[in-house]
Amino acid sequence: MLHSPDFSGGPPIQLHKNKSGILAQLLDYRFERPRHFWAGVGVVGVSFFSMVAAFGTVTDSRPDVTPRQQVVEQLALPPLSATADSDQSFLREERVQRGDTVMDLLQRVGVDDAAAVGFMKGNSAAQTLFRQLSPGKNLTVRTGPQGDLQTLVFPLNGGKDQALVIERRGDRFLASEQVLPMETQVVMKTAEIRYSLFGASDAAGVPDAVATQLADIFGGDIDFHRDLRKGDRFAVIYESVNYLGRAVRSGRILAAEFINNGKTYRAAWFADPAGGENSSGYYTADGKNIRKAFLRSPLEFSRITSGFSMARFHPVLQKWRAHKGIDYGAPTGTRVKATGNGVVEFVGLQGGYGKVIVLRHQGRYTTLYGHLSGFAPGLRKGHRVSQGDVIGFVGATGLASGPHLHYEFRVNDVHQNPLAMALPSAPPLMPEQLGQFRTRTGPYLARLDLIREFNLAQAD
């Protein structure tokens with residue numbers, strides 16, 4: 001049992017650890033890793049217990065282990081600071097969506113600071129944020145417990161590391177454009193799905209951009225709209241781009257594992273320096289391409305409002321007719337992605353579809369995206385698009401009773417249910433690439449193995 005420690009500098013306490021604790025030590029020391037390897041971006045004063053909690057583990061309700069299973073270790077806890085709570089801060093990253101205003105963004109990242117808003121509106125340097133607010137950029141802020149703005153970092157046009165930085169200095173703010181000296185570190189996190197992917201990622205401190213990447217990677221195998229189950233787990237190893245030790249943006253996922261309804265999916269990033277066809281992507285441990293030729297859904301997250309059916313009552317026409325597609329309910333302006341590599345066959349207005357895009361893929365496959373509010377800039381007939389490219393935005397044009405996306409999947413011009421059919425896979429790695437792939441990805445896949453052992457021990 002844990003004896004109450006004397007935080008004034010008394011003798012070290014004793015912690016009796018079971019086999020889960022032994023695994024925790026192995027996880028902590030087996031690999032050389034950055035200082036923040038387990039905790040990620042954290043709060044001042046992280047304890048031993050909060051380090052374990054970062055894995056999203058559940059309370060172990062088993063009876064006490066027998067003395068033969070116990071391992072006793074002497075640990076001296078540092079004194080607790082009385083001001084730790086007042087130093088608490090929160091880091092959040094938010095992607096700019098089409099139609100967003102600065103106020104929309106600040107509200108989504110939890111900023112509740114009238115003084116900061118007044119400064120941004122009145123300072124000429126800070127107003128760059130208003131002028132360059134374009135979809136796809138990430139706004140990163142650090143706030144206090146009451147929503148007071150401490151730091152804001154916003155990337156500027158013309159340079160990856162050129163950013164607008166707004167900082168609180170006592171009772172006033174400073175705004176400047178800076179070339180940030182970035183450093184990249186590797187972070188590993190794991191979490192359990194309780195209600196949603198974003199809910200689990202928030203609880204584990206995983207940035208939204210990483211959660212979105214996770215859904216993109218496994219989107220060909222898992223329908224994140226309807227396949228998630230309570231108790232599903234994921235583990236992710238990703239790059240964190242830091243400025244002065246604090247995360248400014250998240251980078252690429254290096255390896256990930258997702259356990260959905262008892263089935264395990266795993267992938268690691270590989271880029272062949274020689275380039276060429278099929279030179280980069282996410283692959284399984286044996287070199288198979290995790291990416292399918294088509295994504296299951298053209299939206300990152302939404303809800304299905306109407307499925308594929310040969311008889312559905314049309315809400316606008318007020319009569320029964322076939323519904324040979326999938327309707328996804330989502331707010332106007334939500335980004336619509338191309339589900340596969342292809343060429344734009346049609347873009348414009350087309351009857352009941354309203355504003356619509358038709359893509360042709362690999363000759364015999366076509367996909368249709370209807371009721372859009374608008375198209376991606378520069379999109380035109382004959383334009384080539386890649387899987388995951390933003391091609392348009394959700395709307396309610398044509399015969400639509402509300403904002404949603406109507407999505408159709410056709411094979412040889414015959415409508416198919418994209419949620420039920422087996423999707424073709426993308427090409428695997430070439431035999432000559434496998435050796436280099438295993439060398440580069442082996443350490444990350446080994447870390448995923450350790451996380452799984454840790455989680456199994458916790459649940460045992």
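Cα centroids of the stretch 373-446 and the stretch 226-275: 19 Å apart.
A simple charge model with +1 on the Cβ of Lys and Arg, -1 on the Cβ of Asp and Glu and nothing else charged puts the dipole of the stretch 408-460 at about 180 debye relative to its Cα centre. A probe of 1.4 angstrom, applied to the heavy atoms of all protein chains, finds Arg92 with accessible area near 90 square angstrom. Each residue was assigned an accessible area with a 1.4 Å probe, and for Lys121 the value is about 120 Å². With the whole protein complex present, Glu167 retains an accessible surface near 50 Å², based on a 1.4 Å probe. Let me know the shape class of the stretch 396-460, please: from the alpha-carbon gyration tensor, a ≥ b ≥ c as square roots of the eigenvalues, rounded when a/c is under 1.5, otherwise prolate if a/b is greater than b/c, or oblate. Note, shape of the stretch 396-460 comes out oblate.
Percent of accessible area on the stretch 367-460 owned by carbon and sulfur, 1.4 Å probe? Accessible surface attributable to carbon and sulfur in the stretch 367-460 totals 54 percent. The amide H of Ala247, built 1.01 Å from its N in the peptide plane, has no neighbour under 5 Å, considering only residues 5 or more places off or on other chains. Looking at the stretch 324-375, the accessible area is 33 square angstrom per residue; that uses a 1.4 Å probe and ignores ligands, DNA and RNA.
Spacing of the modelled spin labels on Ala446 and Gln88, each 7 Å from Cα toward Cβ, amounts to 3.9 nm.
The values are calculated or read from the model by the stated rules, or taken from the named source; none is laboratory data. Remember, predicted model here, so these are calculated numbers, not experimental data. Because the Cβ atoms are built from the backbone with ideal geometry, glycine has one as well, and the counts that use them run over all protein chains shown. Quick note on the areas: whole protein, heavy atoms, side chains included, nothing else; ligands and nucleic acids left out. Shrake-Rupley method; radii C 1.70, N 1.55, O 1.52, S 1.80 Å.
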